[in-house]
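The values are calculated or read from the model by the stated rules, or taken from the named source; none is laboratory data. As the structure is a computational prediction, the values presented were derived from the model and not from experiment. In this analysis, Cβ positions are derived from the backbone assuming ideal geometry, glycine residues included, and neighbour counts consider all displayed protein chains. What goes into the accessible areas is simple: the full protein's heavy atoms, side chains included, and nothing from ligands, DNA or RNA. Shrake-Rupley method; radii C 1.70, N 1.55, O 1.52, S 1.80 Å.
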Amino acid sequence: MQKKAQYTITLALVSLLASLGVSSIFLLTRDTIKKKELAVRTEALYVVLPGLEGAPGEVTPAEVSEQDRVYKGLNKAGQLIGYAACGEAQGYSSKIKVMVGLDPHLEKIIGINILAQNETPGLGTKMTEIESTTTLWSLIFGRELETVDWDSEEAWQLPMFRQPERIKKYGLLKKEKKVQPWFQQQFQQKTCNQLIVAKVKDDEKITAITGATISTKAVVNAVQNAVNKIKGIIQPPTWEMK
């Protein structure tokens, strides 16, 4: 009995210490996590509203939660680019969160950006992966085959033997242009009626990721969720209008 009591007390103390440790870490990192989430969300707004100048304006009241806020973006000329909002849906193994930009007429999607997902590696995670266009030739010679001038002496020199300025000329030290994953790009200029998942390539629909149809449908549902939020604020039902 005495040993059982000792085990119980020890287990209780360990559990208490573990709880205190987790709580302390949460309290210490809460502000940092919020700042990081805000930074990710802000960056996403500039992705889904290209041409956005300055900070996006909030359409919804201040008391609305972060997840349900609707934003509007203006360009340099002060013209309305469109509206944006977050959406989420349950995927195969995680909640998928997206930022969606909608045109001023609320008809077409300007773009989307996936904020958070924890889907199956190699399958669902392809929604955020950028397909590499780098070839063995470009790695060796620093440029693609069709750009090579075979009559020049430079064409037969490996990058390591060229002058630094020549390396820069062919883009070896040039920063790559930031591009979106193919999966997210296909949402651009799609209407709400085109948010349909297709298992084979279809430019009029959303092509599913091979082996990750559930994840694909979840992204589509999350996008639709964001679109509904925007329309609910900017274009409320007639019975709500005063």
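Extension gain for Ser65 to Thr213 (0.36 nm times residue separation, less C-alpha to C-alpha distance): 50.3 nm. Taking the Cβ of Gln90 as the center, what net charge do the other residues with Cβ under 14 Å away carry, scoring Lys and Arg +1 and Asp and Glu -1? Result for the local shell: +1. Using 0.36 nm per residue and subtracting the Cα-Cα separation, the extra length available between Thr125 and Ser94 on full extension is 10.1 nm. Geometric descriptor of segment 42-128, per residue, is 99 Å³ (volume of the convex hull of the Cα atoms). Shown is the FRET efficiency for Glu43 and Leu17, computed with R0 = 35 Å from the Cβ-Cβ distance and rounded to the nearest 0.05: 0.35. Largest accessible area first, the listed residues Tyr92, Tyr46, Tyr71 line up as Tyr92, Tyr46, Tyr71 when surface is computed with a 1.4 Å probe on the assembled protein chains. Accessible surface ranking for Lys229, Lys35, Lys108, 1.4 angstrom probe, highest first: Lys35, Lys108, Lys229. With each label modelled as a point 7 angstrom along the Cα→C-beta vector, the Asp202-Ile9 pair spans 6.9 nm. Against the criterion of solvent-accessible heavy-atom surface with a 1.4 angstrom probe, Leu17, Leu123, Leu49 sort, most first, into Leu17, Leu123, Leu49.
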